[in-house]
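Asks: Mind having a look at this structure? Questions to follow.
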Amino acid sequence: MESLPPARKIVHVDMDAFYASVEQRDDPSLRGRPVVVAWKGRRSVVCAASYEARRFGVRSAMPTITAERMCPEAVFIPPDFARYKAVSRAVREIFSRHTDLIEPLSLDEAYLDVTENKTGLPTATKVAKAIRQAIREELSLTASAGVAPNKFLAKIASDWRKPDGLFVIQPCDFDTFLPPLPVGRIPGVGKVTEARLKQVGIATVGDLRCVGLAALEGHFGRYGQRLHELAQGIDRSPVVPDRPAKSISAEDTFETDILLGEMEELIRKLAEKVWNASRRETRVGRTVVLKLKTSEFNVHTRSMTPLAPPASCEELTAIALALRGRIDLGPGQKFRLVGVGLSNLTHIEPGASPLFEDAALAG
């Protein structure tokens, strides 16, 4: 077996049915009832579902109309992201009492490196217990936690005893815990990769362990090495505090499918939203991206990296509209979604360009 890297103490904390739980906490009449956080509408999707709603099969990202059909008695509540962000900040404050090495993944989950912790607790398990207790007592919410020597295993562990659970994976558990796991439990292995693995006879982590590194790289390229290491319980990726966003984007799903030629006003509004968000960033987006989803749910993206980053909302909008001309799916093709984004975010030294100076003055 491959030698393991130096052990760390990683905790993965995942709030239980976060948005729905906040709604149930703040409105006692919702407690014990199936709650679905979603805008009602033919094209909207579920943002979160309480555990009462999940018993009926309702899940996040499911079309709202499907959720209504599966659970007719569900209470549908439009999301209040400002409130969820405030609660998320309160959770983050609890984390920060124990460590500064916090890597948020979303509003409701984060990795913590507690190899050394501020409170002097002797084990990562005691840190996880203290965090969960504080969340319960101070915020009247529950969280599940996983404790392990690395991020990969900590994330698996946090899901093991949900909701309101704690699970610990020690290095001595690797050879008994990992082999029976379906490969789909590996974070990053989606349905497509799982299907490809099964095509070559790999259904469990144990099967993955039996395949040589060269064979995995032959099938999956560089990702083959990652799979090989994860099968052994090896994950060297550090906890990265405040990982910077890779892009800034906004998108809109239409009530009814529309033609490409009918999108100009929508693209202009989305470009303005993205530009306003970019003004709050310390980095500059160099690449403009246009995303479209057809009626058949096929996603098409087009991008352009001009010689200089867009210097105004008008310039960003013009590029996004120009990218629309690079979509050639026939005049009758209809679309259900459009998105505009800025990627390739880059720090620019003060004084390096008029754009940076303008942004600094505007801030």
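The values are calculated or read from the model by the stated rules, or taken from the named source; none is laboratory data. Bear in mind that the values here come from a model prediction, so they are computed numbers and not experimental data. Methodologically, a virtual Cβ is constructed for each residue, glycine included, from the backbone with ideal geometry; neighbour enumeration extends over all protein chains shown. Ligands, DNA and RNA are excluded from the accessible area calculation, which covers all protein heavy atoms including side chains. Shrake-Rupley method; radii C 1.70, N 1.55, O 1.52, S 1.80 Å.
Asks: So, in the range 179-192, how many residues would count as being in a helix (DSSP H, G or I) and without any contact (Cβ under 8 Å) to a residue 12 or more places away in the chain? Spell out how you get there, then give the answer.
Replies: Step one: filter the range 179-192 for residues in a helix (DSSP H, G or I), giving 183-185, 191-192.
Checking the rest, the ones that are also without any contact (Cβ under 8 Å) to a residue 12 or more places away in the chain come to 184, 191-192.
Of the residues in the range 179-192, 3 are in a helix (DSSP H, G or I) and without any contact (Cβ under 8 Å) to a residue 12 or more places away in the chain.
Asks: Being closer than 25 Å to residue 232 by Cα and modelled with pLDDT of 95 or more narrows it down to one residue among 74, 145; which is it? Give the steps one after another, and end with the answer.
Replies: Details: 74 fails: closer than 25 Å to residue 232 by Cα.
Sole residue among the options that is closer than 25 Å to residue 232 by Cα and modelled with pLDDT of 95 or more: 145.
Asks: With the requirement that a residue be at pLDDT 90 or above and either within 30 Å of residue 198 (Cβ to Cβ) or of a type in the set (Gly, Ala, Ser) (or both), what does the range 238-253 give you?
Replies: Result: 249, 250.
Asks: Against the conditions (1) touching a Gly at 6+ places or on another chain (Cβ under 9 Å); (2) part of a helix (DSSP H, G or I), where does residue 225 fall short? Just the number, please.
Replies: Among (1) touching a Gly at 6+ places or on another chain (Cβ under 9 Å); (2) part of a helix (DSSP H, G or I), residue 225 violates only (1).
Asks: Taking the range 114-130, which residues are outside any loop (DSSP other than H, G, I, E, B) and crowded, with 22+ Cβ neighbours inside 10 Å?
Replies: Of the residues in the range 114-130, the ones outside any loop (DSSP other than H, G, I, E, B) are 124-130.
Across the range 114-130, the qualifying residues are 124, 127, 128.
Asks: Which of the residues spanning the range 148-178 are part of a helix (DSSP H, G or I), in contact with a Phe, Trp or Tyr (Cβ under 9 Å, 6 or more places away or on another chain) and open to solvent by 30 Å² or more (accessible area, probe 1.4 Å)? Let's see the steps before the verdict.
Replies: Just the residues of the range 148-178 that are part of a helix (DSSP H, G or I), to begin with: 151-158, 171-177.
Checking the rest, the ones that are also in contact with a Phe, Trp or Tyr (Cβ under 9 Å, 6 or more places away or on another chain) come to 151, 153-158.
If the condition is that a residue be part of a helix (DSSP H, G or I), in contact with a Phe, Trp or Tyr (Cβ under 9 Å, 6 or more places away or on another chain) and open to solvent by 30 Å² or more (accessible area, probe 1.4 Å), then 155 is the only one that fits.
Asks: How many of the residues making up the range 18-45 are open to solvent by 30 Å² or more (accessible area, probe 1.4 Å), over 23 Å from residue 89 (Cα atoms) and outside any loop (DSSP other than H, G, I, E, B)? Don't jump to the end; show me each part of the working.
Replies: So in the range 18-45, the residues open to solvent by 30 Å² or more (accessible area, probe 1.4 Å) come out as 19, 25-29, 31-33, 39-40, 42-43, 45.
Next, from what is left, pick out any that are over 23 Å from residue 89 (Cα atoms): 29, 31-33, 39-40, 42-43, 45.
Next, from what is left, pick out any that are outside any loop (DSSP other than H, G, I, E, B): 29, 45.
Matching residues across the range 18-45 total 2.
Asks: While we're here: Got a number for residues in the range 116-130 being of a type in the set (Ser, Thr, Tyr) and touching a residue at least 24 places away in the same chain (Cβ under 8 Å)?
Replies: Step one: filter the range 116-130 for residues of a type in the set (Ser, Thr, Tyr), giving 119, 123, 125.
Now narrow it down to the ones that are touching a residue at least 24 places away in the same chain (Cβ under 8 Å): 123, 125.
So the answer is 2.
Asks: Separate question: Mind checking which pairs have a first residue in the range 133-145 that is basic (Lys, Arg) and a second that is modelled with pLDDT of 95 or more and surrounded by 13 or more Cβ atoms within 10 Å (Cβ to Cβ), Cβ under 7 Å, 6 or more apart or different chains?
Replies: Correct list of pairs: 136/142.
Asks: Report, by residue number, each residue of the range 99-113 that is among the polar types (S, T, N, Q) and open to solvent by less than 40 Å² (accessible area, probe 1.4 Å).
Replies: Taking the range 99-113 as the starting set, the residues that turn out to be among the polar types (S, T, N, Q) are 99, 106.
99 - this is the single residue of the range 99-113 that is among the polar types (S, T, N, Q) and open to solvent by less than 40 Å² (accessible area, probe 1.4 Å).
Asks: Next question. For the range 244-276, which residues satisfy the criterion of being under 20 Å from the mean Cα position of the chain (by Cα) and either open to solvent by less than 30 Å² (accessible area, probe 1.4 Å) or more than 16 Å from residue 343 (Cβ to Cβ) (or both)?
Replies: The initial filter retains those residues of the range 244-276 that are under 20 Å from the mean Cα position of the chain (by Cα), namely 244-253, 274.
Matches in the range 244-276: 248, 250, 252, 253, 274.
Asks: Next question, about the same structure. In contact (Cβ under 8 Å) with a residue 40 or more places away in the chain, assigned to a helix (DSSP H, G or I) and either over 20 Å from the mean Cα position of the chain (by Cα) or more than 26 Å from residue 125 (Cβ to Cβ) (or both) - does that describe any residue in the range 202-220? Show your work before the answer.
Replies: Residues of the range 202-220 that are in contact (Cβ under 8 Å) with a residue 40 or more places away in the chain, as a first pass: none.
No - not one qualifying residue is present in the range 202-220.
Asks: Does residue 188 fit the bill of being more than 25 Å from residue 232 (Cα to Cα), open to solvent by 30 Å² or more (accessible area, probe 1.4 Å) and out of contact with any Lys or Arg (no Cβ under 6 Å at 6 or more places or on another chain)? Spell out how you get there, then give the answer.
Replies: On the way: more than 25 Å from residue 232 (Cα to Cα): no; open to solvent by 30 Å² or more (accessible area, probe 1.4 Å): yes; out of contact with any Lys or Arg (no Cβ under 6 Å at 6 or more places or on another chain): yes.
Judged against the criteria, residue 188 is not a match.
Asks: Hey, another quick one. So, of the residues in the range 315-363 that are part of a helix (DSSP H, G or I) and exposed (fewer than 12 other Cβ atoms within 10 Å of the Cβ), which turns out to be modelled with the highest pLDDT?
Replies: Step one: of the range 315-363, the residues part of a helix (DSSP H, G or I) are 315-324, 354-362.
Among the residues that remain, those that are also exposed (fewer than 12 other Cβ atoms within 10 Å of the Cβ) are: 354, 360-362.
Working: 354: 38, 360: 30, 361: 29, 362: 31.
Checked the range 315-363; the qualifying residue modelled with the highest pLDDT is 354.
Asks: Let me ask another. Of the residues 170, 199, which is free of Cβ contacts under 8 Å to residues at least 24 places away in the same chain and in contact with a Pro (Cβ under 9 Å, 6 or more places away or on another chain)? Reasoning before the result, please.
Replies: On the way: 199 fails: in contact with a Pro (Cβ under 9 Å, 6 or more places away or on another chain).
Within the list 170, 199, the selection yields 170.
Asks: Can you find even one residue in the range 78-96 that is in contact with a Lys or Arg (Cβ under 7 Å, 6 or more places away or on another chain), open to solvent by 40 Å² or more (accessible area, probe 1.4 Å) and part of a loop (DSSP other than H, G, I, E, B)?
Replies: Scanning the range 78-96 turns up no residue that is in contact with a Lys or Arg (Cβ under 7 Å, 6 or more places away or on another chain), open to solvent by 40 Å² or more (accessible area, probe 1.4 Å) and part of a loop (DSSP other than H, G, I, E, B).
Asks: When only residues in the range 61-70 that are within 19 Å of the chain's Cα centre (by Cα) and surrounded by fewer than 16 Cβ atoms within 10 Å (Cβ to Cβ) count, which is nearest to residue 140 (Cα to Cα)? So that I can check it myself, show each step before the final result.
Replies: First, pick out the residues of the range 61-70 that are within 19 Å of the chain's Cα centre (by Cα): 61-63.
This time we only want the ones that are surrounded by fewer than 16 Cβ atoms within 10 Å (Cβ to Cβ), so: 61, 63.
On the way: 61: 26, 63: 29 Å.
Taking the candidates together, the pick is 61.
Asks: In this structure, does residue 227 turn out to be farther than 15 Å from residue 152 by Cα and surrounded by 12 or more Cβ atoms within 10 Å (Cβ to Cβ)?
Replies: Details: farther than 15 Å from residue 152 by Cα: no; surrounded by 12 or more Cβ atoms within 10 Å (Cβ to Cβ): yes.
No: the conditions fail for residue 227.
Asks: Take the residues in the range 47-60 that are among the hydrophobic types (A, V, I, L, M, F, W, C) and in contact with a strand residue (DSSP E or B) (Cβ under 6 Å, 6 or more places away or on another chain); name whichever of them is most open to solvent (accessible area, probe 1.4 Å).
Replies: Of the residues in the range 47-60, the ones among the hydrophobic types (A, V, I, L, M, F, W, C) are 47-49, 53, 56, 58.
Of the ones still in play, those that are also in contact with a strand residue (DSSP E or B) (Cβ under 6 Å, 6 or more places away or on another chain) are 47-49, 53, 58.
On the way: 47: 39, 48: 8, 49: 1, 53: 0, 58: 0 Å².
Within the range 47-60, the match that is most open to solvent (accessible area, probe 1.4 Å) is 47.
Asks: I've got another one for you. Does the range 2-12 include one or more residues that are among the aliphatic types (A, V, I, L, M), modelled with pLDDT of 95 or more, under 30 Å from residue 99 (Cα atoms) and outside any helix (DSSP H, G or I)?
Replies: First, the residues of the range 2-12 that are among the aliphatic types (A, V, I, L, M): 4, 7, 10-11.
With the extra rule that they be modelled with pLDDT of 95 or more, the set shrinks to 10-11.
Add one more test, that the residue is under 30 Å from residue 99 (Cα atoms), and what stays is 10-11.
Keeping just the survivors that are outside any helix (DSSP H, G or I) gives 10-11.
So far as the range 2-12 goes, yes, one or more of its residues are among the aliphatic types (A, V, I, L, M), modelled with pLDDT of 95 or more, under 30 Å from residue 99 (Cα atoms) and outside any helix (DSSP H, G or I).
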